[in-house]
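The values are calculated or read from the model by the stated rules, or taken from the named source; none is laboratory data. Everything numeric here is computed off the predicted structure, so don't read it as measured data. All Cβ positions, glycine included, derive from the backbone under ideal geometry; neighbour counts span all protein chains shown. With ligands, DNA and RNA removed, areas are computed over all heavy atoms of the protein, side chains included. Shrake-Rupley method; radii C 1.70, N 1.55, O 1.52, S 1.80 Å.
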Amino acid sequence: MARRRDAVVRRGLRHVLRGIVEQPGMFTLAVVASSIYGAMTVASAYVIGEVTDRVLLPSFADGVTTAAALSLAAAAIIGVALLKIVGILGRRLFAGIMSYRLQADYRRRVTRQYLRLPLSWHQRHPTGQLLSNANSDVEASWFFVAPLPFAVGALVMIAITVVALFLTDPLIALVGLVVFPLVFLVNVVYSQMMSPRMQRAQQLRAEVSEIAHESFDAALVVKTLGREAAETERFGARAAELRDGLVAVGRVRGLFDPMMEALPNLGTLAVLLIGAGRVADGSTDAGSLVSIAYLFTLLALPIRAIGWVLADLPRALAGFDRVTPVLEATGETPYGPESAATTTGGAAVAVAGVDFTFGDAATPTLRDVTFDVRAGTTVAVVGPTGSGKSTLAGLLVRLVDPADGTVLLDGVDVRRLREGQVSAQAAFVAQGTFLFDDTVRGNITLDEPFSDDDVRAALRIAAADEFVAALPEGLDTRVGERGATLSGGQRQRLALARAVVRRPRLLVLDDATSAVDPSVEARILDALRDSDEPSTVVVIAYRQATIALADEVVWLEDGQVLARGTHEQLLDEVPGYAALVRAYSQTEVPV
Amino acid sequence: MTAPADAPLLPADQRREGALATLRRGLRMMPEFRRGLPVTFALALLATAGRVVVPIAVQQVIDRGLAGGDPDLDVVTRLVLLCAVVVLITAVAVYRMNVRLFRTTETALAGLRVRAFRHVHDLSVLHQQGERRGSLVSRVTSDVDQLSTFMQWGGVLGLISVGQLVVATVVMFVYSWQLTLLVLVCFIPLAIAVRWFAQRLATAYGVVRERVGDVLGAVAESVVGAPTVRAYGVGGRTAARIDAAIDRQYRAQVDAQKVTAAVFVSGEFVAALANAAVVVVGVLLGLAGDITAGTLVAFLFLVTLFVAPVQTASEVLNEAQNAVAGFRRVLDVIDTAPDVRDPAIAAPATVRELPPGPLGVRFDRVAFRYAPGAPLALDGVELTIEPRQRVAIVGETGSGKTTFAKLVTRLMDPVDGRVLLGSDAEGWVPLDEVAFSSLRARVVMVPQDGFLFDATVADNVRYGRPGMTDDDVATAFEELELGAWVAGLEDGVRTPVGQRGESLSSGERQLVAVARAYVADPDLLVLDEATSAVDPATEQRLTRALDRLTDGRTTLTIAHRLSTAERADEVLVVDAGHVVQRGTHAELVDADGPYARLHSSWRRSSTGAPAATG
């Protein structure tokens, strides 16, 4: 237990150091400003004491005063205050900038990881969790930075105070020597009590966010099945746990705050009690005692700043502990040194002995899959629902890497290609289309230099030109988050146009034409194939018309390639294939 | 279907409303918060008293115990001990107050969170889609958290500060009314400045909250759109967009920080001014014989007592602006009236149940548009679908098929005309008078994207009918002729589907979604492209099983694959918001109309065979 406690404090201090090391400039500026503030706070106590002793009391004693003395007193008070203001402004601004820079910096690092880590990693982490990692966890990690320079400044003040105490009266100084370490002790105990509670609260906070995310994503299902009450209950249960967790945090914090407030007060009282005795026996004078007592009251706030930093550390650690796994996650897609072929025609694709298993599933999704696609030809991958077609499609454009075996693009293992080489050659249209919260044009060009004519031509091929023209701002219309303002069919057409405009050497269509007219599909395939240098196309489809366009069909069942050949060959030789593609022909049509 | 280009957005941040009005509105929404508040206030008062007593005692010790360099140790000891007792009582009072406050605020905020959550679900689909997902989530998470920080820290501190201010003023008056007036005069400009600052702060924090929302949106793209980002190698572009959002948030935060710092130092400056004025005027008053040296020294102490809460209050003000911005966002959700309301709540007097028995559908001159000014998606549709019919709705993309389905299930209300459910035998009931409990139990729609929860297959199916055992679920799959598919899953119906069901293929997700609707046992089943990603053989088996199982019920099916239409009792052809053809497949396929064209095109593509199979 003691070791663990110790660890919290040590880790906390290391975390503080991390923040300082990463923003040394801002930190130094803020500490300098805080020190000015601290020094001026002490100075203001000193000035009040001096004014009392030299101007106030003599005036009352003598019954006269001079304008010069009064102006000097006023000038001293205001001058010190102005310097203090400079200190405060600097501290606040620099500390704020330091905290916000750290937040922004870690947000960048976290999101960079999101973009770098493989899809398998994404599949293991709920969206809600990743969002809260980038948002509230990063914020929690660096929240304590705002009062940090203040606290460091407070340390300076405490040092000055202790020295001043010793110079005035060593006995009174002992009070300081008892009170200040006591403050730290209370803080240490606090951090240890708080740490596990804070971690739990932060964890619950993320879970509440995950439920909200999932539930709002599922809004349509919730509505159509009338499950709003049940969803609210599910959310409410977790919100209640979060509430209990936060109340538990509050109990500890609620105890800590008044203690931190009472300690300097009790210190002041002790100073007075002991000081009175010292004044009585002539060891010190009343004026010194007054300024020391004043100093102690002034110290109350900065001491609390130390408390704020320490109080926030458990939360910071809890947040940072949730960010760290993202930052340290490995398994990013490794890239090789090679460039793809620079020819312009279709790419040759070969899949050799590929195995693939999702996460820690016991049964592999793909087993020893081998086939090749000659450059410029079209291959249809056909198989029952759940046979592994989409997984295979993802492998071809290197969304995932196989557990075993290789995927070759123009004879080069895709893992040996440099970053960006695969996506430069291949375009992929997924089953579920994803659009960015951008304009129609932005969604198609993805900021590559395609001309509007290129874009319009692609839209025409994807049969999207008419509805885009009818949009209020045409190509400049924003499509909303994930294309929310468009219908499913419209989104699919834009996704197709996005692929077509690139004239890819390899096009992989994963059942991406289910919502578009067959004639549109034929037009897309024609556009890519009917040139001198036709693209290679791998299409996952059920429609016979689409399949009939393919030079070869690969029949996938249970993750294995069970047959290859032309459409006609497979119809003759593979009963499962025939049953699947002829399902509609066999319908007894009422006449 | 050109959907809600300018769908009615939530009125976030558009309404200008004072902070106090927001707080009042919010407190009304949080009855839990008011419970036990008097005791908490009493404790806060006690804490305030304690805070004021200590410095006064210090001054008394100096004035009475140490005066004249000959300390009266008895007086000092008595006073100090008395004071120590007060300090301890104050600490206990603050502790009790804190605990109470944490409990009531967290309870109240949990209530608010849940209420806002529920309200998001009560909003219509159009509203839900008009908002960014991340922004909706933040309203039940970070916006509420912001409030809790304020209510527990700022709220208390603010209350104590005001109390302290009042007490300090009163005590100051007792010591010297002249000097008190002087101090108050010094603070008048600050009071004016604070109002001005409050507005600046509100604006600055409003911008910060907005930027936070933008960052969440940008980050969400990199997470949800991960496959697309990779497939197109646009990691750099996505990173740039995220960075830009992060930069904008950073700049907004620094801007807000500048205003905050300015607020704080203005208090500091005024305090120094007051101190200097008190010294100068105090000495002059003293010379005039109005006050003693002791009173003046004591008064200087009291000024710090007056200044400290002013500074704290400006700090709290800052926090309050931030919290109010968050509060407003939460309240705006709750205050958005759902445009499709459950009549059980909206009009309990006239609410009705659906008539018993099989349900038919009647459209009475129904018109619909997605937004004011948008073209009509459905235009004066008038039709009756008899109960027990199996109807296929066909048409080009964007013809209004999905709109039709959403109106039947009351996901949206028509802009004109009405939709009725029922039968000639049992009577027809306008949909907008049917309690949601009755409607959702008997009318179920399966959308194209059958969202699955991160749970097992069985859990997801059970969602349609809570209380089913895993075996019941397995049986349901058997009945739907999907037993073989289930058997092929790693762990049968206990196989986890992953988040959003992504461990399954989209076709498989659709199978689960159809099973979920099937076990809900509706009298009217609406399938909107519900099997579009399922392989044809499985689809044929499944739909035939469904036909058999739902015999005697009404089904509306929207599908591109016209095999459904071939088997349906009746086909409705929708084009540009109108029902242009109606009849059996056999009648329509030979007629010269859009259906024949659609069908032959589909036949060609799905079978490669010539069209005239009818």
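Okay, here's what the table says:
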read-out	value
Subset tally (residues that are surrounded by fewer than 24 Cβ atoms within 10 Å (Cβ to Cβ) and within 8 Å of chain B (Cβ to nearest Cβ)) for the stretch A:350-383	5
Sole residue being free of Cβ contacts under 8 Å to residues at least 60 places away in the same chain and surrounded by fewer than 17 Cβ atoms within 10 Å (Cβ to Cβ), chosen from A:G63, A:G96	A:G63
Residue, nearest to the other protein chains (Cβ to nearest Cβ), within the stretch B:194-216, restricted to residues that are touching a residue at least 60 places away in the same chain (Cβ under 8 Å) and farther than 30 Å from A:T111 by Cβ	B:F197
Hey, A:Y114 under 16 Å from the mean Cα position of the chain (by Cα), assigned by TED's automatic domain parsing to the domain that holds A:I292 and either outside any helix (DSSP H, G or I) or closer than 27 Å to A:R304 by Cβ (or both) or not	no
Any hit, the stretch A:485-496, residues being in the same structural domain as A:D551 (by TED's automatic domain parsing), over 27 Å from B:V125 (Cα atoms) and touching a residue at least 40 places away in the same chain (Cβ under 8 Å)	no
Total residues in the stretch A:295-321, condition in contact with a Ser or Thr (Cβ under 7 Å, 6 or more places away or on another chain), open to solvent by 10 Å² or more (accessible area, probe 1.4 Å) and within 11 Å of another protein chain (Cβ to nearest Cβ)	2
Test set (1) modelled with pLDDT under 85; (2) closer than 25 Å to B:M29 by Cα - B:Q129 fails condition number	(2)
Lone unmet requirement of (1) facing chain A (nearest Cβ under 8 Å); (2) free of Cβ contacts under 8 Å to residues at least 40 places away in the same chain for B:Q581	(1)
Unique residue being touching a residue at least 60 places away in the same chain (Cβ under 8 Å), touching a Gly at 6+ places or on another chain (Cβ under 8 Å) and within 7 Å of chain B (Cβ to nearest Cβ) when the list is A:A212, A:A201	A:A212
Residue in the stretch B:228-253 that is nearest to the other protein chains (Cβ to nearest Cβ), counting only those that are more than 27 Å from the chain's Cα centre (by Cα) and surrounded by fewer than 22 Cβ atoms within 10 Å (Cβ to Cβ)	B:G233
Output for the stretch A:247-294, where each listed residue is within 7 Å of another protein chain (Cβ to nearest Cβ), crowded, with 21+ Cβ neighbours inside 10 Å, under 54 Å from the mean Cα position of the chain (by Cα) and β-branched (V, I, T)	A:T268, A:V290
Filter result for A:L130 (buried (at least 24 other Cβ atoms within 10 Å of the Cβ), more than 8 Å from chain B (Cβ to nearest Cβ) and touching a residue at least 24 places away in the same chain (Cβ under 8 Å))	no
Near pairs, Cβ below 7 angstrom, 6+ apart or cross-chain, from the stretch B:268-283 (more than 7 Å from chain A (Cβ to nearest Cβ) and within 16 Å of B:V297 (Cα to Cα)) to any residue that is open to solvent by less than 20 Å² (accessible area, probe 1.4 Å) and not in a helix (DSSP H, G or I)	B:G282/B:I291
Helices (runs of 4 or more DSSP H) enclosed by the stretch B:523-613 - at least 3 residues per element that are surrounded by fewer than 23 Cβ atoms within 10 Å (Cβ to Cβ)	B:536-549, B:585-590, B:594-607
Count - residues of the stretch B:489-522 that are closer than 19 Å to A:G383 by Cβ, surrounded by fewer than 22 Cβ atoms within 10 Å (Cβ to Cβ) and more than 7 Å from chain A (Cβ to nearest Cβ)	1
A:D447 being open to solvent by 10 Å² or more (accessible area, probe 1.4 Å), touching an Asp or Glu at 6+ places or on another chain (Cβ under 6 Å) and under 20 Å from B:G236 (Cα atoms)	no
Residue list for the stretch A:501-523, restricted to those being touching a strand residue (DSSP E or B) at 6+ places or on another chain (Cβ under 8 Å) and hydrophobic (A, V, I, L, M, F, W, C)	A:L506, A:L507, A:V508, A:L509, A:A512
Qualifying residue in the stretch B:174-193 (condition: within 14 Å of another protein chain (Cβ to nearest Cβ), surrounded by 19 or more Cβ atoms within 10 Å (Cβ to Cβ), over 25 Å from A:S44 (Cα atoms) and not aromatic (F, W, Y))	no
Single condition A:R227 does not satisfy, out of (1) facing another protein chain (nearest Cβ under 8 Å); (2) modelled with pLDDT of 90 or more	(2)
Residue pairs meeting the criteria (Cβ under 8 Å; at least 6 apart or on separate chains; first outside any helix (DSSP H, G or I), in the stretch A:225-246; second open to solvent by 50 Å² or more (accessible area, probe 1.4 Å))	A:G226/B:S437; A:G226/B:A441
Sole exception among (1) more than 29 Å from A:Q123 (Cα to Cα); (2) open to solvent by 20 Å² or more (accessible area, probe 1.4 Å); (3) more than 7 Å from chain A (Cβ to nearest Cβ) for B:V429, by number	(2)
Hits in the stretch A:235-246 - residues which are within 7 Å of chain B (Cβ to nearest Cβ) and open to solvent by 40 Å² or more (accessible area, probe 1.4 Å)	A:R243
B:I246 vs. criteria out of contact with any Pro (no Cβ under 8 Å at 6 or more places or on another chain) and not in a helix (DSSP H, G or I)	no
Residue satisfying all of: in the stretch A:223-234; surrounded by fewer than 22 Cβ atoms within 10 Å (Cβ to Cβ) and not polar (S, T, N, Q); farthest from B:V76 (Cα to Cα) among these	A:G226
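Table: residues versus (1) touching a strand residue (DSSP E or B) at 6+ places or on another chain (Cβ under 7 Å); (2) open to solvent by 30 Å² or more (accessible area, probe 1.4 Å); (3) in the same structural domain as A:L295 (by TED's automatic domain parsing).
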| residue | (1), (2), (3) |
| --- | --- |
| A:R10 | no, yes, no |
| A:H15 | no, no, no |
| A:G25 | no, yes, yes |
| A:L29 | no, yes, yes |
| A:A33 | no, no, yes |
| A:G38 | no, no, yes |
| A:I48 | no, no, yes |
| A:D53 | no, yes, yes |
